[in-house]
Amino acid sequence: MTPAARLQAAIEILDTIAAAARGGGAPADAILAEAMRARRYAGSKDRRAIRGHVYDAIRAVRSAPESGRAAMLALVDGDPALTALFDGSSYGPAPIAPGEPRADTGLAAQALVDLFDPLVEDGEGEAMLARAPLDLRANRLKADRDALAALFPDGEPIAGAADGWRLPPETAAVQHPAYTDGFFEVQDAASQYAAAAIEAAPGQAVVDLCAGGGGKTLAIASLTGNDADILACDTNRARLQQLPPRADRAGATRIETRLLNPGQEQAMLADWQGRAARVFVDAPCSGSGTWRRSPELRWRLTPARLDRHLADQAKLLDIGADLVAPGGKILYAVCSIIAREGRAQVDEFLNRHPGWTTDTSCLPAGIGRAAGGGFLLTPAHDGCDGFFLARLTAPC
Ligand SMILES: C[S@@+](CC[C@H](N)C(=O)[O-])C[C@H]1O[C@@H](n2cnc3c(N)ncnc32)[C@H](O)[C@@H]1O
C-alpha cells in the first residue's frame, strides 16, 4: 500500500469507530482487527502504519468526530508530511479543501471534564492519554516479584504494590512460557492496589460480585494463599467463562463461578445472604480512568450511558450490602475519575445504609488521595489507571 492509501484506510476505519462510539457498537480494537482481516492485501508495515494513524487520531480528538476524515484533518496542521498524503492519488484521500472542518482536539468535551472529581487538576490531561506501561502481578501461588525481576530484567518494582513489576508498554510478556505456567498476570497497578485494599484473609468467604474475566478474583486468591472461598459472579457469560482456565493456570482452586441473570441477582445469591466477610464490587462504569489504554471511551460516554452506570453501581452496592456478614466489608471500585461514580456514589450508599462506615485508610502510604468517603488514583498522581475505591464496613 502507498502511504496515502494507508491513510485513506485509517480514515475509513475511523468512520466506523466513530459511528460505533455514537451507537454503542464494537470497541475500536475489535473494529480495527476486523478491518485488517478485510484487507488481506495489507502487509505488516501497512497494518502498523494504519493502526498508528487510527490511534493518533483517537488520542488527539476529544469526542466522536463527524467523520474519520475530520478526525485525521485535526492532525495535519503543523505536520507537512501528513498534509502531503492528502494528495488525491488513486487510493489516497482527496486533497484538503480550503476551510475544510477539523474535529476538535483535546482531553475530552468540556461537559465531561466538568464531571471529573474536583481533585483532578488541569495539568493531568497529558498523563491520562499517554501510553500506559505494562504492569505485571506476580502470582504468589507460584512466584514472587523477584522471579519476575529475573524473567524481565528491564522492569522495575511498582511503588506500594508488593507483587507488582512494571515493564515498558511494548513488552511481549504474555508470550513468555512463564505466563502460560501461571507465574504472573497482566494487571494495572490500580487494580493491584484495589485487590489488596479488600484485605481478604485466609479462611474468609469472599464474593467478587462483578468478577468479569477474574482479574481481581485471581489477585485475591493469590493474596489469601488459595485459602479463601471465593464466589465469582457476573452477568456476562463470555467474560466469566474466561475465569476457570485462568484459575487453573494460576493454581487457584477455591473459586466458584456463578453466572447471574440481570434483575435476579439477589434471588440467585440467596445462599450467600449475610455470609460474606468481604464483597468486592468492581462495578461497571464510564472507564474514564482508562483512557490511556482505551482513548475512544471518551467518544462513547453520553449522559444516558453515564446514568445507566450510576444506577447499576447503586444497585450492585445494595446487592453487595445484603451479602456481607455483620462487621464485614465491601470494597467498591470503579476505573473512573468522575465524581458521581466515586465519592457521590459512596455518600448515597451511606445515606441508604445507616450504620455502615467508610474506612479512612486502605491504600499504601503515598498512593491515592482522599476523595470524600474513598480514594482517588490518577495516572498523573499515582502512575496507574484512574480509579476510585472505597472500603465500607457493615455494622456488627
Ligand atoms: C469493571 S468490570 C469487572 C472487571 C473485573 N472485576 C476484573 O478485575 O477483571 C464490571 C463487570 O460488571 C459486570 N456486571 C454488570 N452488571 C452486573 C450485574 N448486575 N451483576 C453482576 N455483574 C455485573 C460486567 O459484565 C463486567 O464484567
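The values are calculated or read from the model by the stated rules, or taken from the named source; none is laboratory data. All of these numbers come straight from a predicted model, not from anything done at the bench. With ideal geometry, Cβ positions are generated from the backbone for all residues, glycine too; neighbour counts draw on all protein chains shown.
Report, by residue number, each residue of region 226-241 that is acidic (Asp, Glu) and either away from the ligand (no atom under 11 Å from the Cβ) or part of a helix (DSSP H, G or I) (or both). Spell out the reasoning first.
At the first step, the residues of region 226-241 found to be acidic (Asp, Glu) are 227, 229, 234.
Listed by number, the residues that qualify are 227, 229.
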Fill in the blank from the handout: Expected single match for within 25 Å of residue 98 (Cα to Cα) and buried (at least 19 other Cβ atoms within 10 Å of the Cβ) among 63, 67 is 63
Practice task
Collect the residues in region 191-225 that are surrounded by fewer than 19 Cβ atoms within 10 Å (Cβ to Cβ) and more than 10 Å from the ligand (Cβ to nearest atom), keeping them in residue-number order.
Solution key: 199, 201, 202, 203, 205, 225
Practice task
Only residues in region 268-296 that are farther than 30 Å from residue 18 by Cα and part of a loop (DSSP other than H, G, I, E, B) count as the first member; pair them with residues that are at pLDDT below 95 and more than 15 Å from the ligand (Cβ to nearest atom), Cβ under 8 angstrom, at least 6 apart or cross-chain, and list the lot.
Solution key: none
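Going by the conditions given, is residue 258 surrounded by 15 or more Cβ atoms within 10 Å (Cβ to Cβ) and more than 9 Å from the ligand (Cβ to nearest atom)?
Values: surrounded by 15 or more Cβ atoms within 10 Å (Cβ to Cβ): yes; more than 9 Å from the ligand (Cβ to nearest atom): yes.
For residue 258, the condition - surrounded by 15 or more Cβ atoms within 10 Å (Cβ to Cβ) and more than 9 Å from the ligand (Cβ to nearest atom) - is met.
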Exercise for the section: Sort through 15, 46 and tell me the only one that's over 22 Å from residue 129 (Cα atoms), assigned to a helix (DSSP H, G or I) and out of contact with any strand residue (DSSP E or B) (no Cβ under 8 Å at 6 or more places or on another chain). Expected result: 46
Completion exercise
Reported set for region 323-366 where residues are touching a Cys at 6+ places or on another chain (Cβ under 8 Å), hydroxyl-bearing (Ser, Thr, Tyr) and more than 21 Å from residue 191 (Cβ to Cβ) is none
Practice task
Kindly indicate which of 365, 380, 311 is of a type in the set (A, V, I, L, M), free of Cβ contacts under 8 Å to residues at least 12 places away in the same chain, surrounded by fewer than 18 Cβ atoms within 10 Å (Cβ to Cβ) and not assigned by TED's automatic domain parsing to the domain that holds residue 31.
Solution key: 311
Handout entry: Whichever residue in region 317-352 is in contact with a strand residue (DSSP E or B) (Cβ under 8 Å, 6 or more places away or on another chain) and in a loop (DSSP other than H, G, I, E, B) and, among such residues, is farthest from the ligand (Cβ to nearest atom)
Key = 339
Handout entry: Residue match in region 154-169 (condition: buried (at least 18 other Cβ atoms within 10 Å of the Cβ), of a type in the set (D, E, K, R) and more than 24 Å from residue 272 (Cβ to Cβ))
Key = yes
Fill in the blank from the handout: The one condition residue 263 fails out of (1) more than 9 Å from the ligand (Cβ to nearest atom); (2) surrounded by fewer than 20 Cβ atoms within 10 Å (Cβ to Cβ) is (1)
Exercise for the section: Would you be able to tell me the number of residues in region 118-157 that are in contact with a Phe, Trp or Tyr (Cβ under 9 Å, 6 or more places away or on another chain) and assigned to a helix (DSSP H, G or I)? Expected result: 8
Completion exercise
residue 244: passes all of (1) part of a helix (DSSP H, G or I); (2) modelled with pLDDT under 95 but (2)
